[in-house]
């Protein structure tokens, strides 16, 4: 397998910038024959000529232009690396890879991650949605920086993770305006045998709702069940039924989609977690997510005891730890 010699590439990059061998030699503090030898070696590896040579100087070939474009990015990235390690400002965006459990309502997940876009530095967020167990497997090999979920990581997984409780929210029922006005009267008894859109069985929100329905003696008429909370909202817009939503996201849902509040399910609540591969949170964007959720997002909800990041609850593996990528 051939490997690119970055020493040769740097000589090429400087020559392309300076336009001739003499100026490049002065800048690099080497002789012109030494630079010519380095360029010849790089052209030999690539199998292409990089410069047109003429009495007026050097001009890049078509291949030379492509190589120069890559070299610009490579050496700019190297400079960013040095500045990042030395904690100096860099033009390169801060990258964060976020896993979002598919059971987490989209409006809630957006509210949780929104603070990272106001850090005072460019941020590039990559958000992946999947089953929580699949996301946690990617977290274990450091392909993700954080996983957001509505329940802690299962202890049965063969992965060591740490659960950081972000907060707790009540549950509110919403619907399009006509149905909401009807169901608001005599709530919650009004929900009995009425059309309802619910998350699929097995999700944290569905489990807490089933318990609440049983306690209230309510049997709603389930029209549809959804893995995707966004699709459930589309069905609600089409007047197919009422739907439950964590109270923390109700204001945004009413403003953005025009739904109306039916009522709060008293005694019914859901919790939200950040799951990480390390106990101590150091990534600036991860710290922003957890700090804002605990300090502002869930402030209006009922008070809950929230552990500090360095007191996160560990989830020990049962069948050995997944090895990190090296």
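Each reported figure results from applying straightforward, stated rules to the coordinates on display, with no laboratory input. Just so you know, these numbers come straight off a predicted model, no measurement behind them. Cβ placement follows ideal geometry from the backbone for every residue including glycine, while neighbour counts extend to all protein chains displayed.
Given axes a ≥ b ≥ c from the Cα gyration tensor, I'd like to know whether the range 134-257 is rounded (a/c under 1.5), prolate (a/b larger than b/c) or oblate.
Taking the square roots of the gyration eigenvalues as a ≥ b ≥ c, the range 134-257 is prolate.
Would you report the distance distribution of C-alpha pairs in the chain as whole percents per 20 angstrom bin, up to the bin with the largest distance?
The calculated distribution, bin by bin, is 26, 38, 23, 12, 1.
Mind pulling the angle between the C-alpha long axis of helix 62-85 and the longest principal axis of the chain? Nearest 10 degrees, somewhere in 0 to 90.
That works out to roughly 60 degrees.
Of 235, 277, 175, which is the most mobile in a GNM of the chain whose springs link Cα atoms less than 10 angstrom apart?
Comparing 235, 277, 175 in a Gaussian network model of the chain, the most mobile one is 235.
Would you please give the FRET efficiency between residue 27 and residue 255, computed as 1/(1 + (r/R0)^6) with r the Cβ-Cβ distance and R0 = 45 Å, to the nearest 0.05?
In this case the efficiency is close to 0.20.
Among 227, 102, which comes first, then next, by fewest other beta-carbon atoms within 10 Å?
Ranking 227, 102 by Cβ neighbours within 10 Å, fewest first, gives 227, 102.
Calculate, in nm to one decimal, what residue 287 and residue 62 gain on full extension: separation in residues at 0.36 nm each, minus their alpha carbon distance.
Value of the extension gain: 76.4 nm.
Kindly express, to the nearest 10 degrees and within the range 0 to 90, the angle between helix 32-46's C-alpha long axis and the longest C-alpha principal axis of the chain.
50 degrees
Pairing the Cα long axis of helix 6-18 with the longest principal axis of the chain, what angle in degrees results, from 0 to 90 and rounded to the nearest 10?
80 degrees
Binned at 5 Å from 0, what are the whole-percent values of the Cα-Cα distance distribution for the range 6-85, short to long?
3, 16, 25, 26, 18, 8, 4, 1, 0
Report relative contact order for the chain in percent, whole number only (criteria: Cα-Cα under 8 Å, sequence separation at least 6).
Here the relative contact order equals 23 percent.
Can you sort 172, 63 from fewest to most other Cβ atoms within 10 Å of each residue's own Cβ?
Listed from fewest to most nearby Cβ atoms, that is 63, 172.
With both bridge residues required to lie in the chain, what share of the DSSP beta bridges run antiparallel, to the nearest 5%?
60 percent
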